[in-house]
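Structure first, commentary second.
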Amino acid sequence: MRDALPQLETILLPVADGGDGTVAAALSAGFDKIIVDTVGPTGEQVQAPYAMQGDRAVVELAAVVGLTMLPGGRLDPMRSSTYGLGLVIADAIRRSARTIVLGLGGSASTDGGAGMIQALGAQLTDSAGDPIHQGGGALEGLASIDLTALRETLGSTSVIVASDVDNPLLGPYGAAAVFGPQKGAGPAHVAALEQGLQHWSALVSEATGQNDAERPGAGAAGGVGFAALALLNATIRPGIELILELIDFDRRIIGADLVVTGEGSLDDQSLAGKAPIGVARAAARSGVPVVAIAGRLQLSPQELSKAGISAAYALTDLEPDLDRCIAEASSLLQQIGAQIAKNSLA
């Protein structure tokens, strides 16, 4: 765009919707980067970043126990755990975080958040009184829950979950059935994980006196949403809304002539609350027009207009061959940038 309009002033505001890139977005907004020693989804020692500013911390599940953290990319649906995520949250609390924004997305596990809760102090034991093993496959062996140390660790810390998933914990639309296969779970694994989550949620309900398994978002990140709601007293909000608040989006676009946003594919899933739609809605509140760029575009002009996007550009319009489109993305984006500058700003 600056090639076409050399005097153009641009402000770059990286965003995310709770999944990959959530911590990076907070860091770009001035948060401090904290590196903590923790464990990945299958127990390997790893280092993971989170962001902190004052008494606010931003923690990203994907950067600790996400699919990308599996050694060699080997899926392990029964043993993968969220224990390492709990260690990161505990570190933020030790550093006096009073509010923790927890980005969910890209999880490698379906343990209902049990590992996270263990790392925060909860005692989850089997019939012999021993701690249960990590992973969703161990939940069926759970016999007792002691939340005393967990409550001491949390104190008055407030947890806000950033997620655009509204699935419940259990059933055909739940964590195991919908997301388990993405994590390597075959039909037998899905059935076993579902049974484990049922058992886990029943014991949690018994301990808390409430049933959170059917709440929208409980199925997020393999059931971490459930554990956060039931045991961390969390609230769930659309991820992009939270991130836009963190980066002070409304203030920073004051006086702008145009907002440019985008993602790999603009489609029906985007309309469910993905980043570009959240950006468009926020810009609309300030009366700033929005254009979007996508690798491919599968929304009609009417759908785009309703979402607050005045125009959209697809790389596939310039190069229909997907392989070449990906390989030549940089040059295609340069061409589209010039088009946007000419059409929307010249």
Quick one: pull the percentage of alpha-carbon pairs in segment 46-188 with a separation above 27 Å. 22
On the first, second and third principal axes, largest extent first, how far apart are the outermost C-alpha atoms of segment 153-235 in Å? 41, 27, 21
Near the amide H of residue 144, under 5 Å away, which other amide H atoms are found, from residues 5 or more places off or on another chain, if H is placed in the peptide plane? 125
Kirkwood hydrodynamic radius of segment 210-294, Cα pairs, Å: 14.6
Apportionment of accessible area to carbon and sulfur, the chain, percent (1.4 Å): 49
Given the convex hull over the Cα atoms of segment 133-196, what projected area results after averaging over all orientations, in nm²? 5.9
Of all the C-alpha pairs in the chain, what % are more than 32 Å from each other? 35
Loop-resident GluC sites (Glu not before Pro) in segment 1-103 with no more than 16 other Cβ atoms inside 10 Å, DSSP not H/G/I/E/B, are 9, 44
If you take every residue apart from residue 20 with its C-beta less than 15 Å away from the C-beta of residue 20, what net charge results, scoring Lys and Arg +1 and Asp and Glu -1? -3
What relative contact order, as a whole-number percentage, does segment 83-180 give when Cα pairs under 8 Å and 6 or more residues apart are counted? 32
Just from its helices, what would the mean residue ellipticity at 222 nm be for the chain, if runs of 4 or more DSSP H residues each count -39500 (n - 2.57) and the sum is divided by every residue, rounded to the nearest 500 deg cm²/dmol? -9000 deg cm²/dmol
For segment 25-100 and segment 234-251, what is the separation of their Cα centres, given in Å? 19
Name the most mobile residue of 77, 301, 216, meaning the one with the largest mean-square fluctuation, in a Gaussian network model of the chain with Cα contacts below 10 Å. 301
For residue 313, residues with placed amide H under 5 Å, excluding near neighbours: 292, 293, 294
Longest to shortest principal axis, alpha-carbon extents of segment 126-272, angstrom: 66, 40, 23
For residue 306, list the lysines whose Cα falls under 22 Å from its own Cα; do not include residues on the same chain fewer than 8 positions away. 274
For the chain, with every protein chain kept in place, what is the accessible area per residue (1.4 Å probe, Å²)? 45
Cα-only radius of gyration and Dmax that characterise segment 293-346, units Å: 11.8, 32
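The values are calculated or read from the model by the stated rules, or taken from the named source; none is laboratory data. This structure is a prediction, so every number in the text was calculated from the model and none was measured. We place every Cβ from the backbone using ideal geometry, glycine too, and count neighbours over all the protein chains shown. For accessibility, only protein heavy atoms count, side chains too; no ligands or nucleic acids. Shrake-Rupley method; radii C 1.70, N 1.55, O 1.52, S 1.80 Å.
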